[in-house]
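Nothing in this text is a laboratory measurement; each read-out follows from the coordinates by a stated rule. Just so you know, these numbers come straight off a predicted model, no measurement behind them. Glycine also receives a Cβ, built like all others from the backbone with ideal geometry; neighbour counts cover every protein chain displayed.
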Amino acid sequence: MTTSIETQPQPTKTDDKPLQRQFVNFMFFKADRALRKESAEFKKEAKGEFAEIIHRYDAPIMVLPYSTLGLKSTVDFMLWRICFEVEPLQQMASDINKSLLGRYLDVPQSFLAMTKHSQYVSEHVHEGQEGRRLRIVPGKRPFLFVYPFVKTRDWYLLPMSERQRIMNDHIAVGHKYPRVKINTTYSFGLDDQDFVVAFEAEKPEEFLDLVQELRETESSKYTVRDTPMYTCRRATIEEILDSLA
């Protein structure tokens, strides 16, 4: 039996009420190889039920499926989930666990974060830029690159003016790759990382070149961890399920 859900009203910005921030979750799945041994009839029913769950939650949650099959040994696909409350994320996970396919799925990785205004972008203003948005607006680019990010404690002890100077150079490098869209979300106190970073790109080589150049910036020396990195390819949930077994 699945959980009944109601569509959440979309918050609107007014002078009296600040714009509501979003919860953002990257949930990675790995299918048990035992699924391949099941009958064609069982797999058809299990896939249909799972796809129905994904589409049913597309009202309270923005759900974007991505395939990681063959790109990372520990995961097969990922659901990028965006909403205004934690409860729908948990309800959806519960329904997945109770489903036929859920018996064969593990979740090796799941990152939780929220949207927040960046304190470093005030000097870099342009339409729709990352860091000034409290709403994630996913594009239609075919690739998504996701990883957790942790900075050193020394970084947070630097004067704000010094951090801004360093970040100005970091941001300038990003502007050299206009076709790569960054979505930075914040995990302080919510999860093990400081941030979760998700880059949307048309081609993997554009992101590769960007990351290599960012390694040479001063900000890089204040990085504690920026792994594991996940290369994800946009796909429908039906395409993803058919690729599993």
Estimated FRET transfer efficiency (LYS176, GLU239; beta-carbon r; R0 41 Å; 0.05):
0.80
Dimensions in Å of the chain - Rg and Dmax from alpha carbons:
19.2, 63
Region 59-204 -> Rg/Rh from Cα coords, Kirkwood Rh, value 0.99
Using 0.36 nm per residue, how much length does the chain from THR217 to GLU205 gain when fully extended, once their Cα-Cα distance is taken away?
2.4 nm
Within 10 Å of each residue's Cβ, count the other Cβ atoms and sort LYS140, LYS151 from fewest upward.
LYS140, LYS151
Hey, can you grab everything whose amide H is under 5 Å from the amide H of PHE77? Only 5+ residues off in sequence or another chain; H modelled, so Pro and N-termini drop out.
PHE29, THR68
List the residues whose amide H sits under 5 Å from the amide H of ASP194, counting only those 5 or more places along or on another chain, with H placed 1.01 Å from N in the peptide plane.
PHE149, VAL150, LYS151
Cα-projected label distance for ALA59 with LEU190, points at 7 Å along beta-carbon direction, nm:
2.4 nm
Using alpha-carbon coordinates, inclination of helix 87-98 to the longest axis of the chain, degrees
40 degrees
Long-range share for region 125-221, i.e. C-alpha pairs more than 20 Å apart as a percent of all pairs, stands at 41 percent
Candidate lysines for bridging to LYS47, where Cα separation is under 20 Å - those fewer than 8 sequence places away on the same chain excluded
LYS30, LYS37, LYS98
Could you give the nm distance between label points at TYR156 and THR74, where each point is 7 Å from its Cα heading toward the beta carbon?
2.4 nm
What does the convex hull of the Cα atoms of region 189-242 come to per residue, in Å³, rounded to a whole number?
121 Å³
Where the centroid of each part is defined by its Cα atoms, how far is region 191-238 from region 154-183 in Å?
14 Å
